[in-house]
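*Asks:* Mind having a look at this structure? Questions to follow.
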Amino acid sequence: MRGMRINSSCIQSLVLLILFLVLGFSWPVWCVDGDDYSNTGNPTAIPLVTSFIYSQISNLTKIFNKEITNSLGYCIKDVDTDMNEAFNFSSNLDFLNNCVKQTKDVTKRICTAAEMKFYFTSFMDTKSANAQFLKPNRNCNLTSWVPGCEPGWACGVASNVTVDLKNSKDIPDRTRDSQPCCEGFFCPRGLTCMIPCPLGSFCPRSKLNTTSGMCDPYAYQLPPGKTNHSCGGADRWASVSSSEELFCSAGSYCPTTTKKITCTKGHYCRQGSIDQRACFKLSTCNPNSDKQNMHAYGFMLIGALSLILIVFYNCSDQVLTTRYARLAKSRERAARSARETAQARQRWKVAKDITKKRATGLQQQLSRTFSRKTQGDQSKNLNQSSANDTQLPPKFPSTASAPSSDAPKAKKDTGSLTKMLQSLENDPDGHGGFHMEIGDKNIKKHVPKAKQLHTKSQIFKYAYGQLEKEKAMEQKNQNMTFSGVISMATDTDIKTRPTIEVAFKDLTITLNHKFKHLMRSVTGKILAGRISAVMGPSGAGKTTFLSAVAGKIKGCTISGSVLINGKPDPIQCYKKIIGFVPQDDIVHGNLTVEENLRFSARCRLSEDMPKPDKVLVVERVIESLGLQAVRDSLVGTVEKRGISGGQRKRVNVGLELVLEPSLLILDEPTSGLDSSSSNLLLRALRREALEGVSICMVVHQPSYSLYKMFDDLILLAKGGLTVYHGPVKKVEEYFSSFGITVPDRVNPPDHYIDILEGLVKPSSGVTVQQLPVRWMLHNGYSVPPDMLLHCDQIGNSSAGASNSSSDALEPAFTGGSWQDNQEHQQLHFFRSQDLSNRITPGLMRQYRYYVGRNSKQRLREAKLQAADYMILLLAGACLGTLSKVKGDTFGYHGYMYTIIAVSLLCKISALRSFSLDKLHYRRESESGMSSLAYFLSKDTVDHFSTLIKPLVFLSMFFFFNNPRSTFVDNYVVLLCLVYCVTGIAYIFAIFLQPGPAQLWCVLLPVVFTLISNQGKDDKFGKILGPYCYPTWALEAFLIANAQRYSGVWLITRCDALNELGYSVHHWSYCLVLLVVSGVGCRFIAFFCLLKFGKK
């Protein structure tokens, strides 16, 4: 990592690398006792000498393995492998044979350990591997500069001097017999010895270019004034940026350091190659090519990927469509069967009633005839009737009477049709008679229960059978008269729910830091089984009142007392059985009507409720809200049209009805609905009220028929003051007590609201400001001090009229049940204790439901996903074409731009996961759904894009850029990078609004990448760079690419990694850091979701 090594130690490590390499090749010379060929001149000794020299190389890595690992471990991962790739000449030792023939004293011309150390120590002064000038030494200085000191030349020692190549302290006196450097060796300027060239280099003898005066192919000139001096061999081995001429040129390969061959057609040769590589099929490789054109593979990969995605999306959509079609057919069959069963049952009842009427008429006719015939004898036989009564024949037996024990047994059993009719006779409202097969001996016993239903057809038959039964029951009470309501309320088939009654006293709401009252001294009750309508002019605080009752108000100070079922418990303790319908239609637009309702029912109904009962609840809500025709239609969004606004409003209400709440609060549910839809909605709410549900709703301008369907009315004046809170049937009586009467043909709530708005002035002289005070005095509530002035203005006649009506109007709230110490307590709405007695599905089940919902949403957002992939595709093609991989940087700049582009594009697309669903999450979390399941499901579905996006980008970038690292290495790094930046995008999406979040997603990768690219000498970058994710990704990319450069590239690799502060051992470490940072960002995002997502 950056900053792990200081400059001096880095250069010293590089020196040690070259020192050990050269010493290794000097090892064979140590073992040779003299120069056999120079003494004998026998050519047959040359192979023996060279073989003996090379045989000593096998022990090189074993001797220096530990030292090389300690000093150069940051750029050498496997010492044995790197040494073999750089100096394994076992396949061809011709360069050494030729050098022995040419010089005859090779052992006296190869550099010792001291000379090696001196040569590479020069890098320390320039802090670079590109040093061109050496310090003066014993052989080459101001007073002694022999021809062997010139680049490409070397000298020997005296014939009577023995060279100790292991000596690392003293440089020998090497000034005799100057000769050009042998092929396959390089001789630096300022030293008089030779060093073997590594594999992948081309080190021939140079030739003088008379035009430029340079010794081609190297970059040195002949010394001035020395006409007898000629061009020698290679002069230095350093980084590719300073000694590129030593490297085997691109388009050619060098099997040995003295031989270069041009690449043939169908092959390609990179710079520094030792062999030519065959091109893949479908790729083009012309002669002398340095890389293969693999664009066809990129197009094939993106084509295959596109085909797979298209097939996947189409198949998934087809599967969903087929499934919904089957469900629709099964539902239609079940509904048709239920209707036919209901109709058959109705016909049976009608026939039975007609038969009874005819039997009754015949009996009455016979009775009248018999009574006329016996009327004359009746007085005579009056005294004898009692005595002879036992002798009369018995009465006509009843059809229901049981046969006597003495009666003979029937010869054959009763028929199946008879049994079915008997079943209908015994249980007219049951389901067994028409649902069982004819011939079943145990019809009623075999009627399946809800828990025993498993198939879709059985479940739908059960649900629609129940619905038809409920319709028949409602048909009896169609007019909703008082007797009909009582009949429905006492029906044993109507189940009751846990009741919630909300009582509030002196409820006052004040804005923080402004001391402005939104509501003042509101006292009353929301009773179970009744529908309370909240009305008033604009600014009366109707929505504020509902938010306060539901515990959803924020940014305000609330005083007063609120009791839930007579206890001072926070209403959040009952959130699982409380439904709150917001004013805005917060519905998922990319889901169908049924999918929205079914998801809400699954997550919010009791966990132990059988699935058929849950289906029944959903079907009942769809039926009651009139959504049958659009149940399979998408709700729609602003951009994409779906169902109508009124239908969307009803879906918004249905989301709360499916949870079977005990308290239902609705904020303007009838706004945007026509009269028929409003009546339909109120009838559905009336059905809920019959089950004991407390319903409170804000209504604007209800029609008279709608107004009469309410049980209670809460009328608020501007400033949040109560004008009336009581039964609807007594509101006119109350206002008429002080002279406010409703004109003919005027809707009462409209008239009262016009008075409170100031549009109509009461004829009795009562002012609008007096109305809240009159209500307080009427119920015996305390009047605030600043309103006592209005008490004096109220005349004695009005007070008398109010007192005379007090017997008829019961106070809306009795203050005796409140404790004195609770009168002005501060309300706390954030206790986590659950008192709802409902166990909803656990984390894993809700997680499964969320994953299913999010997957459907993503499938229906295929166009957005395709746009994201197309942008990544273009970015990969552009960056792969423009940023070519260079040997001195290992593709540094191309990878840097890749990190910026991928980070930016993936962050922008990841914002949609949470930015667009903030309101939906707020509504669902406040109703008791699991926030963790919501977050994990979003992240799980995003993993699909995390896996696909690196493939899309690399399909263009990799095959256009053609780096040396493998496709798998690049994919793994990009995969970890995308996972990391997705977590960062989650934080921005949750914590910020969409506009600032997009801005931060654009700025952050650019700023972090700039910080990561600061030099090691920059203090700011040195401190912050190691903690920026582009640093880890860039290091992983470069390490994967640099490891593919070996042989002659060894010094270049070590120099580049040393300059950047990277290590070849940190590839896995960088990937772990990216993954851990992605996980950490997700933890932070989830914390922000809990802390700020509900505000």
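*Asks:* For the pair K101/Y1027, report the inter-label distance in nm, with labels modelled 7 Å from Cα in the Cβ direction.
*Replies:* Reported label-point gap for K101 and Y1027 is 6.6 nm.
*Asks:* If S559, S678 are ordered by their accessible area, calculated over protein heavy atoms with a 1.4 Å probe, which sequence runs from highest to lowest?
*Replies:* S559, S678
*Asks:* So how far apart, in nm, are the two label points at F967 and K730 if each is 7 Å from Cα heading toward Cβ?
*Replies:* The modelled label-to-label distance comes out at 8.2 nm.
*Asks:* On to the next question. Translational D (Stokes-Einstein, µm²/s) of the range 698-767 at 20 °C and 1.002 mPa s when Rh comes from the Kirkwood sum over C-alpha pairs?
*Replies:* The estimated diffusion coefficient comes to 170 µm²/s.
*Asks:* Looking only at Cα atoms, what is the convex hull volume of the range 177-233 per residue, in Å³?
*Replies:* 89
*Asks:* Shifting gears a bit: Sort L222, L874, L882 by accessible area with a 1.4 Å probe, largest first.
*Replies:* Solvent-accessible surface, decreasing: L882, L874, L222.
*Asks:* Cβ neighbours within 10 Å, averaged per peptide: list 267-274, 344-351 in order, most packed at the top.
*Replies:* Descending mean neighbour count gives 267-274, 344-351.
*Asks:* Between K640 and N209, what length in nm is gained on full extension when 0.36 nm per residue of separation is reduced by their alpha carbon distance?
*Replies:* 147.7 nm
*Asks:* Compute for the range 986-1095: radius of gyration divided by Kirkwood radius, i.e. Rg/Rh, restricted to C-alpha atoms, rounded to two decimals.
*Replies:* 1.10
*Asks:* Still on this structure: If you stretched the chain out fully between K329 and S51, how much longer would it get, using 0.36 nm times the residue separation minus the C-alpha to C-alpha distance?
*Replies:* In short, 91.4 nm is gained.
*Asks:* Give the ranking of I755, I839 by solvent-accessible surface, highest area first, calculated with a 1.4 Å probe.
*Replies:* Solvent-accessible surface, decreasing: I839, I755.
*Asks:* May I pose another question? In nm, what is the difference between 0.36 nm times the number of residues separating S316 and K135 and their Cα-Cα distance?
*Replies:* Working it through step by step, the gained length comes to 57.8 nm.
*Asks:* Hey, which of these cross-link pairs are over 29 Å Cα-Cα: K329/K611; K525/K649; K554/K729; K207/K884?
*Replies:* K554/K729; K207/K884
*Asks:* What order, most packed first, do the peptides 1078-1090, 527-539 have when packing is the mean number of other Cβ atoms within 10 Å of each residue?
*Replies:* Listed from highest to lowest mean packing, they are 527-539, 1078-1090.
*Asks:* Here's something else I'd like to know. Name the residue from T341, L307, A325 whose Cα lies farthest towards the positive end of the charge dipole of the range 283-361, charges +1 on Cβ of Lys and Arg and -1 on Cβ of Asp and Glu.
*Replies:* In the range 283-361, that residue is T341.
The values are calculated or read from the model by the stated rules, or taken from the named source; none is laboratory data. The structure displayed is predicted, hence computed values, not measured ones. Neighbour counts are summed over all protein chains in view; Cβ atoms, including those assigned to glycine, are modelled from backbone coordinates with ideal geometry. Side chains are part of the model used for accessible areas, which takes the heavy atoms of the whole protein and leaves out ligands, DNA and RNA. Shrake-Rupley method; radii C 1.70, N 1.55, O 1.52, S 1.80 Å.
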